[in-house]
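See structure below.
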Amino acid sequence: MDRIDELKPGIAVIILNEENQVLLQKRADVGLWGIPSGHVEIGETVSEAAIREIKEETNLDIRINKLIGVYSDPDSQTFVYPNGKTIHFITTCFLAEIIGGELKCNSNESLEIKFFGQEVLPDHLMKMHPRWLKDALAQREKAFIR
């Protein structure tokens with residue numbers, strides 16, 4: 001990687017339904033599937049950002065249950081946007097449960113939102129997201145720092 005344009009705080013939220021399927025979104029910017037994620041805005045906490053992003057992208061209300069980990073390795077946490085801008089994210093990843101709302105594609109940032117069985121995930125996943133999901137399913141009490 002030649003250059004990184006910015007460093008940003010990010011969040012990701014893993015949501016499992018009653019059948020233990022994982023919620024994924026197909027991103028409009030790159031056409032890849034991934035765990036719902038986004039940016040922390042000025043003046044908000046990481047948990048507030050997680051709750052806001054999920055509401056914006058999926059129309060769901062959530063309760064955060066657990067910190068899965070904090071991810072900062074530039075090899076996995078650098079994302080190149082279609083406009084060529086390269087962002088290194090420090091991502092706080094949570095496990096959450098749905099407490100309200102009705103699932104729908106609620107944002108122009110998403111092409112599709114749906115639950116997938118863990119054994120039948122789509123092929124076109126964003127590069128950092130399988131690690132987050134694997135860590136979430138590890139049944140480990142302590143958070144990962146990667």
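Within region 16-37, find all residues whose amide N lies under 18 Å from a label point positioned 7 Å from the Cα of K55 along Cα-to-beta-carbon.
Zone members listed by number: 36-37.
Could I have the simple spin-label model distance between T45 and K66, label points 7 Å from Cα toward Cβ, reported in nm to one decimal?
2.0
Would you list which lysines come within 25 Å of K85, measuring only between C-alpha atoms, while excluding same-chain residues fewer than 8 positions from it?
Once the sequence-local lysines are set aside, what remains near K85 is K8, K26, K127.
Do you know the relative contact order of the chain, to the nearest whole percent, from alpha carbon pairs under 8 angstrom that are 6+ apart?
Answer for the chain is 34 percent.
Evaluate the distance, in nm, between pseudo-label points positioned 7 Å from the Cα of V120 and of E6 along their respective Cα→Cβ axes.
Once both label points are built, they end up 3.8 nm from each other.
For a quick check, take a GNM of the chain with Cα springs below 10 Å and name the residue from E48, E57, E18 with the largest mean-square fluctuation.
Result for the chain, Cα springs under 10 Å: E18 fluctuates most.
Within region 62-146, list the GluC sites (Glu not before Pro) lying in a DSSP loop whose Cβ has at most 10 other Cβ atoms in a 10 Å radius.
E102, E119, E141
Quick one: among G34, G101, G69, which has the greatest mean-square fluctuation in a GNM of the chain with alpha-carbon springs under 10 angstrom?
Of G34, G101, G69, the most mobile in the Gaussian network model is G101.
Taking K55 as the anchor, which aspartates and glutamates have their alpha carbon closer than 17 Å to its alpha carbon, excluding any fewer than eight residues away along the same chain?
E41, E44, E97, E102, E109, E112
For region 6-139, count all C-alpha to C-alpha pairs, find those more than 26 Å apart, and express that count as a whole percent of the total.
Of the Cα pairs, 13 percent sit more than 26 Å apart.
Quick one: S37, S110, S76, fewest Cβ neighbours within 10 Å first, how do they rank?
In order of increasing Cβ crowding within 10 Å: S76, S110, S37.
Note down the nm distance, to one decimal, between modelled labels 7 Å out along Cα→Cβ at E141 and at D29.
3.8
The numbers here are math on the coordinates, done by the rules we state, and not lab data. Predicted model, so just to flag it, every value in this text is computed and none were measured. A quick note on method: Cβ atoms are made from the backbone with ideal geometry, for glycine too, and the neighbour counts reach across all protein chains shown.
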